[in-house]
Amino acid sequence: MAFKVRVPNIKSGPGKGRSWVSLLLRGFLISAAAVMLLILVVFGYFYYRYTGIVDERLKQPLFATTAKIYAAPREVRPGQKLTVSAIVNELRAAGYTADGATNLSPLGTYAATGQSVTVRPGPQSYHSQDGATIQFESGVVRALTDDRGQALASYELEPLLITGLSEDANRGKRRVVTYDEIPKNLVNAVVAIEDRRFFEHSGVDYWRMLGALRNDLMHKHNYMEGGSTLTMQASRGFFLTPEKTYKRKLIEIVITFQLEHRFTKQQIFQMYGNQINLGQQGSFAINGFGEAAQAYFGKDVKQLDLAQCAMLAGLIQSPSHLNPYRHPDRMLARRNLVLDSMVETGAITKDQAESAKAEGLHLSVQSVDASEAPYFVDLVRDQLNQKLGERDFNREGLHIYTSLDPDLQKAATAAVESTIHVVDEQVDRQYARHHKGEGGGPSTYPQVALVALNPHTGQVLAMVGGRSYGASQLNHAVARRPTGSIFKPFVYAAAFNTAVAGTNLPGHDELFSPITMLSDEQTTYEVGDKEYTPRNMHGYHEQVTARYALQFSLNNATIGLASLVGFDQVASLAREAGVKSARGTPSVAIGSYVSTPLDMAGAWTIFANGGLHLDPWMLASVRSPSGDVISDYAPTSKQILDPRVAYLTTDMLKNVINAGTGYEVRRRGFMAPAAGKTGTSHDVWFAGYTSNLLCIVWLGYDDYTNMGDIEGAHAAAPIWAEFMKKAVELPQYSDTHDFNMPEGVQMVAIDKATNLPVDSGCPESPSTSYSAAFLDGTVPQETCSHPSTDKRNFLQKIFGLGEKKP
């Protein structure tokens, strides 16, 4: 079909005005056509150019697969205080589905009744596919049976996901979800507040864009919606930089059309919902609704209610400005605006909106340290690099199974956060004493570390590496610091070794025992060409029992004992236990050599575990996304002490807590059977253990400033006590009991006045005697009513001088 365009003749005369109008009209039409042609050419150029860029980008997954870090499996045992609902919730959180569900999980399924839960692991389970039935009665696990009906002593549930490895240098985290996993209320909330015509428009909402342009030109920024659609926001997030230019806007529109052409609306919303940034948690960026649901509410995204969906949708506008932890009033107002918008779009009723508005924000306690164990996870990443080499664990989507107990991690973080003020107050008082009249306060406070182990397996159950991961990512749990007096038990264990070997200490006629007398007078030692004169914190004594010397952490008595045993022997024992820097000098006895809190926790397993040393471990297994084992890791162990020596040392450490420098633990309400030791030198420590849990607490300054007159008993011990109180409330650590005494050891009642065994002449009573553990064959023949009259001093005994009376 041919078109004819009649162009008016331009003539002079009376119609001249109309001719100029026609000329202008023709010029306008030609210019408009030229502009349109130019726009089409430019648009076509960018469309063609960015088709290739988009194609290349879409060849790779939009989101890098995230390597997943899992906790240790929870062990269920008869007698634990647990309920059906608690087990079901944990199985759901682990990814199990109920029997009969439409889409059965490859991890496993479960069936629950009023008094039992049957667990059936699937092909991708961490465990073999052996199921179990857990039976309950009155809130307690009554019995466990396997698939064949045989009784089980315990059963491990599927490990829970702790977190994913951060994706990049920006420390972003996300939990990718599908459109079907996103609650309908969340979809409707986002559409209502961000892009009401999302499911109708073709990617660009021209009227909305013009409105946004008008507001920009008039400098009005209080409008409810911007000009970008969800598809445009997705285009910007995946393919473009955040700069704001007209060229970038044109490219954004080009890519928007391509996405709308290639994907369904549901797929585009899924992209958007996984890509959008929703704030910051500690030093990690929260990306996507899946990660945000966990970060803000501690929930899987599928479990969000209406009010929570509205909050996440409202947060999109400005995650920092609307941070619900810092600005709850702003967030509530924004959330309620979202609910009103959902009423306007017909997504919910006004009654539903009002009901949701009546709810608080119900945020989870924001502590990345508690929920995601970041110091622990960073250390796991380092160990992965050491064991598997530098590789992209995220791209491989590895499943990494660890030793962590999430409940105990929360208890550790809470104990530090709730008790660190005790330390800070002491620092403030110390500063005031040293800076009288100057005003102000200290510029910094000491850092903290806490490590908890299972002393019988070596698994690292909890780790706090500092006061706040968001403030500092330096992990103090692996920082090398002087160990102080928590090293002293190695001296006494080395002395007990001599007794087991049947060797008397120099100057002593009997084998070493808790009542061996030691000199606590200040002594000077020659170390090379220098002199070393240690001091006690609280005065000196002439003669004290070994038990008393450890009970009150007497430096000179302990160094004197180490000199009798041999400094090299003490250092050798410590090195075998993991204190690699120990050397045979006088100062080794009081912890002058360095070690990390993690290594000291491992070293102390020799006391808590019958003399068997276990290297602390965090990695259990690395597997592919389908569950295939890439590498399993077994803990290493070595018998270092005779079990009798371990128990004899433990019994003396029990006395430290019950009646010595560690009594602060009892004063603060932790009453379970326990053994422990304070540490005060340059830094402050507390190390201790029960029958099923070992914990080390350290405090010190990053710049190596001395802690001054602040003692482990008053700074580290309160944190330890608070943690252990929380721990024994958990089902898995509630069965704490006294330590098992091995054969070859006996408990003996000792008279306080004479430090000799009680006999009928001075009867045993709590006010006049105490109990102590002795190696068989080391109990003195003398008794409280028939003591020896040997009055010779230490030197006389060594050189055989003076008279020993019978």
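The values are calculated or read from the model by the stated rules, or taken from the named source; none is laboratory data. Everything numeric here is computed off the predicted structure, so don't read it as measured data. Positions of Cβ are backbone-derived with ideal geometry, glycine not excepted, and every protein chain shown enters the neighbour counts. Remember, those area values only see protein heavy atoms, side chains included, never the ligands or the DNA or RNA. Shrake-Rupley method; radii C 1.70, N 1.55, O 1.52, S 1.80 Å.
In this simple spin-label approximation, residue 101 and residue 473 carry label points 7 Å from Cα along the Cα→Cβ vector, and these lie 3.4 nm apart.
Solvent-accessible area of segment 376-475 (1.4 angstrom probe, protein heavy atoms only): carbon and sulfur portion equals 47 percent.
Distance between Cα centroids, segment 533-580 to segment 438-514: provide it in whole Å. Computed from Cα coordinates, the inter-centre distance equals 14 Å. The apolar share of the surface of segment 574-733, taken as the fraction of accessible area on carbon and sulfur atoms (1.4 Å probe, ligands and nucleic acids excluded), comes to 51 percent. Of 190, 728, 176, the residue with the largest accessible area leads and the full order is 176, 728, 190 (1.4 Å probe).
Over segment 270-336, with the other protein chains present, what is the accessible area per residue in square angstrom, probe 1.4 angstrom? Walk me through the intermediate numbers first.
Numbers: 2200 Å² over 67 residues.
Result: 33 Å² per residue.
Here's the list of aspartates and glutamates a cross-link from residue 725 could span, going by alpha-carbon distance under 15 Å and ignoring same-chain residues fewer than 8 apart: 407, 417, 664, 735.
Of interest is the spacing of the C-alpha centroids, which for segment 280-351 and segment 686-725 amounts to 39 Å.
Show me the ranking of peptides 568-577, 269-278 by mean Cβ neighbours inside 10 Å, starting with the highest. Each step should come with its number before you reach the end.
Numbers: 568-577: 20.7, 269-278: 22.6.
Averaged packing, sorted descending, gives the order 269-278, 568-577.
How many percent of the accessible area of segment 265-357 is carbon or sulfur, using a 1.4 Å probe? Write down the numbers at each step before the final one.
Values: 1550 of 3500 Å².
Answer for segment 265-357 is 44 percent, counting heavy atoms of protein chains only.
In the complete set of protein chains, residue-level accessible area for residue 339 is approximately 0 Å², probe 1.4 angstrom. Residue 663 exposes around 110 Å² of accessible area when a 1.4 Å probe is run over every protein chain in place. Per-residue Karplus couplings for segment 491-502, computed as 6.51 cos²θ - 1.76 cosθ + 1.60 with θ equal to phi - 60°, are listed in order as 5, 6, 5, 5, 5, 5, 4, 5, 5, 4, 7, x Hz, Gly and Pro entered as x.
Residues whose amide H falls under 5 Å from that of residue 66, counting only those 5 or more places apart or on a different chain, are absent, with hydrogens built in the peptide plane.
Placing 741, 707 in order of accessible area, with the largest value first and a 1.4 Å probe, yields 741, 707.
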